[in-house]
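Take a look at the structure set out below.
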Amino acid sequence: AQSVSQHNHHVILSEAASLELGCNYSYGGTVNLFWYVQYPGQHLQLLLKYFSGDPLVKGIKGFEAEFIKSKFSFNLRKPSVQWSDTAEYFCAVKPNAGKSTFGDGTTLTVKP
Amino acid sequence: GAVVSQHPSWVICKSGTSVKIECRSLDFQATTMFWYRQFPKQSLMLMATSNEGSKATYEQGVEKDKFLINHASLTLSTLTVTSAHPEDSSFYICSAKLWTVETQYFGPGTRLLVL
């Protein structure tokens, strides 16, 4: 079975700082990759996804993620965070014929 | 588009009673719905996958007789926690997807507190 590891449990940044959240997975086959965000008091929303093609995918609100197959990674990035980016971020991996597995999540706190 | 609702948003019940949680896809037909459980500061744990018109597939360690799932239509799935106990207190989240699309759309969750 696949597993997903998010190394940063809690990240604290000041506004305008750059963000990179790590996501590594273990699965040898073809996967679909997702980043979801959960703002305080709200439900999970899709930030971006990778199915195939260009490994650098752009999502909503200025987020992007790069799929590096050789490293089994799908790190999330944003060049300049805002206070409103304070949220919980979840990486998810889904094999083509399997079900999604979520990472433990990373809490991002952006200080104004 | 792709809105998923859950009802109720929170519920408090006595130990031994049963609680039903509804998950609805409001503007699309969901061939597959998923039920997750989320513990504080932890990730989503998949409980079961339900396809419209067929029996749900439960994950290992999830009691199917305790967590009854019904997916009778393309827009509605229900999760019934039978004979609830305090250890069942948690945040239950459903998601829905079309059979042609891998993206899941999540509901807002239902917080269950069993006294």
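Across region A:1-63, how large is the tail of the calculated P(r) beyond 17 Å, expressed as a percent of all Cα pairs?
That tail contains 54 percent of the Cα-Cα pairs.
Taking the convex hull of the Cα atoms, report for chain B its projected area averaged over all directions, in nm².
6.7 nm²
Kirkwood Rh, region B:1-63, all Cα pairs: how many Å?
13.7 Å
In region A:1-92, with Lys and Arg counted as +1 and Asp and Glu as -1 at Cβ, which of these residues, A:Phe90, A:Ile68, A:Gln45, has the Cα nearest the positive end of the dipole, that is, farthest along it?
In region A:1-92, that residue is A:Ile68.
Structure shown: which of B:Lys14/B:Lys55; A:Lys58/B:Lys97; B:Lys20/B:Lys64; A:Lys58/A:Lys78 lie over 19 Å apart, alpha-carbon to alpha-carbon?
Checking Cα-Cα distances, B:Lys14/B:Lys55; A:Lys58/B:Lys97 exceed 19 Å.
Based on Cβ point charges of +1 for Lys and Arg and -1 for Asp and Glu, what charge dipole magnitude is obtained for region B:47-115 about its Cα centre, in debye rounded to the nearest 20?
120 debye
Relative contact order of chain A, please, whole-number percent, based on alpha carbon pairs below 8 angstrom and at least 6 residues apart.
Relative contact order for chain A comes out at 38 percent.
GNM, chain A, Cα, under 10 Å: largest mean-square fluctuation among A:Ala97, A:Ala87, A:Ala16?
Residue with maximal mean-square fluctuation among A:Ala97, A:Ala87, A:Ala16: A:Ala97.
Where nothing but the Cβ of Lys and Arg (+1) and of Asp and Glu (-1) is charged, how large is the charge dipole of chain B around its Cα centre, in debye to the nearest 20?
The calculated dipole for chain B is roughly 200 debye.
Could you give me the percent of Cα pairs per 5 Å distance bin for region A:35-91, shortest bin first, beginning at zero and ending with the bin that holds the maximum distance?
Final binned percentages: 4, 19, 29, 24, 14, 8, 2, 0.
At 10 °C and 1.306 mPa s, grab the translational diffusion coefficient of region B:59-106 from Stokes-Einstein with a Kirkwood Rh over Cα pairs, rounded to a whole number in µm² per second. Spell out each step's value before the answer.
Values: Rh = 12.7 Å.
Diffusion coefficient, whole number: 125 µm²/s.
Once all Cα-Cα distances of chain A are split into 5 Å bins that start at 0, what whole-number percent is in each one?
Values per bin, smallest distances first: 2, 13, 24, 26, 19, 10, 4, 1, 0.
So how strong a dipole does chain A carry about its Cα centre when Lys and Arg Cβ are +1 and Asp and Glu Cβ are -1, to the nearest 20 debye?
The dipole of chain A has a size of about 240 debye.
Report the extension gain between A:Lys69 and A:Val11 in nm, rounded to one decimal, defined as 0.36 nm multiplied by the number of residues separating them, less their alpha carbon distance.
Once the chain is fully extended between A:Lys69 and A:Val11, it gains 18.4 nm.
Let me test this: with uniform point scatterers at the alpha carbons of region B:41-84, what is the Debye-based log₁₀ I(q)/I(0) at q = 0.24, 0.30, 0.34 1/Å?
For region B:41-84, the Cα-only Debye profile gives -0.87, -1.11, -1.21.
Would you mind getting the Kirkwood hydrodynamic radius of the protein assembly as shown from its Cα pairs, rounded to one decimal in Å?
18.2 Å
Once the dipole of chain B is set up with Lys and Arg at +1 and Asp and Glu at -1 on Cβ about the Cα centre, which of B:Ala48, B:Leu76, B:Pro86 lies farthest towards its positive end?
Looking along the dipole axis, the top candidate is B:Pro86.
Any read-out appearing in this document is the output of simple, stated calculations on the displayed coordinates, not a laboratory observation. These numbers were taken from a predicted model, which means no experiment stands behind them. Note that each Cβ is placed from the backbone with ideal geometry, even for glycine, and that neighbours are counted across all protein chains shown.
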